[in-house]
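Notes to accompany the following structure.
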Amino acid sequence: MNSRLPLIAGNWKMFKTGPEAAAAARELAREVAGAQAVEVMIAPPFTALEAVHAALQGSAIALGAQNTHWEDSGAFTGEIAPPMLKAAGCRFVIIGHSERRQLFGEDDRGVNRKVHAVRRHGMVPVVCVGETEAQRDAGQTFSVLDKQLRLGLENIALGNPLDVVVAYEPVWAIGTGKTASDHQAQEVHDRIRRLLAELLGADLAAGVRILYGGSVKPGNVAGLMAMPDIDGALVGGASLDPQTFARIMRFRS
Ligand code: 13P
């Protein structure tokens, strides 16, 4: 048993308009009452942040964004800055999701700049790492994660372990229906925590929440959450339907 409060996070990716997202958030706010000793976060598209923030008033569900720029403002057409996310009510910001790395050319240096920017504005970065299928097959899983975390978290000073979240999302398990087995995931989470101990110190590393992501569903979440170093889930497809996501956040029952 560990004392870390589980975090169940929904990444809505490029799904739902503002009104659709607000309706789903209202439904989740009703459902979350039945979920015990768990923190819940949803990350809708930028255009839905304010509507979802309003819909979540009075509920314990936290709001997250899916990306950010690293500057506070400037001539960066099409980008969104951390103070804008903060003002929209975000507590978390997902950084370095594999879709951003693979489809939009994000690299570890950019991830690091974004992590610093999010911290500067008092929000919590959810730093995503994970290997591709080819990297796993080549036995490179740990070296890939090592590099992603060392560079992504470079020069991050934490006062509190809750100020950063790491999400392990094996790229081959995202949206594919292939989940890492509980033990495969635990092996990697254990390795990540040991690396965090090296980077942040053992005391802080013991409190950092490490989420698993990749085809998490109501049927597999309990097994994953029973692992000693899996502290939550970053859920894509199965977070879009409020009733399905509610079953995931009630993983204990
Ligand atoms: P799926 O749950 O759809 O596999 O997506 C995982 C993910 O990318 C969450 O960020």
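Derived value for the range 57-108: Kirkwood hydrodynamic radius 12.3 Å. Basis is the mean of 1/r over every pair of different alpha-carbon atoms.
Each residue of the range 6-23 was assigned a 3J(HN,Hα) from its phi angle through the Karplus curve 6.51 cos²θ - 1.76 cosθ + 1.60 (θ = phi - 60°); the sequence is x, 10, 9, 10, x, 9, 7, 6, 9, 10, 5, 6, x, x, 5, 5, 5, 5 Hz, with glycine and proline shown as x.
On average over all directions, what projected area in square nanometres does the range 97-142 have, based on the convex hull of its Cα atoms?
Numbers: hull surface 14.6 nm².
Its Cα hull, projected and averaged over all orientations, spans 3.7 nm².
Volume per residue for the range 1-76 equals 123 cubic angstrom (convex hull of Cα atoms).
Using the alpha-carbon positions of the range 67-170, Rg (one decimal) and Dmax (whole number) come out as 14.0, 44 Å. Assuming charge only on the beta carbon of Lys and Arg (+1) and of Asp and Glu (-1), the dipole of the range 91-174 about its Cα centre is about 420 debye to the nearest 20.
Whole-Hz Karplus values for the range 93-99 come out as 9, 6, 10, x, 4, 4, 5 Hz, taken residue by residue from phi with 6.51 cos²θ - 1.76 cosθ + 1.60 and θ = phi - 60°; glycine and proline positions read x.
Between the alpha-carbon centers of the range 205-253 and the range 103-166, tell me the distance in whole angstrom. So the two Cα centres are separated by 20 Å.
Between Pro161, Pro125, Pro82, the GNM of the chain built on Cα springs shorter than 10 angstrom shows Pro161 fluctuating the most.
Using the Kirkwood formula over every pair of different C-alpha atoms, what hydrodynamic radius in Å results for the chain?
On the way: mean 1/r = 0.0557 Å⁻¹.
For the chain, the Kirkwood estimate is 18.0 Å.
Under a Gaussian network description of the chain, with springs only between Cα atoms under 10 Å, the residue in Asn160, Asn220, Asn11 that fluctuates furthest is Asn160. Only the Cβ atoms of Lys and Arg (+1) and of Asp and Glu (-1) were treated as charged; on that basis the dipole of the range 165-253 about its Cα centre amounts to roughly 280 debye.
Laboratory data are not the source of any read-out in this text; all were calculated from the coordinates shown. None of the values given here were measured: they were computed from a predicted structure. Heads up, the Cβs are rebuilt from the backbone with ideal geometry, glycines too, and the neighbour counts pull from every protein chain shown.
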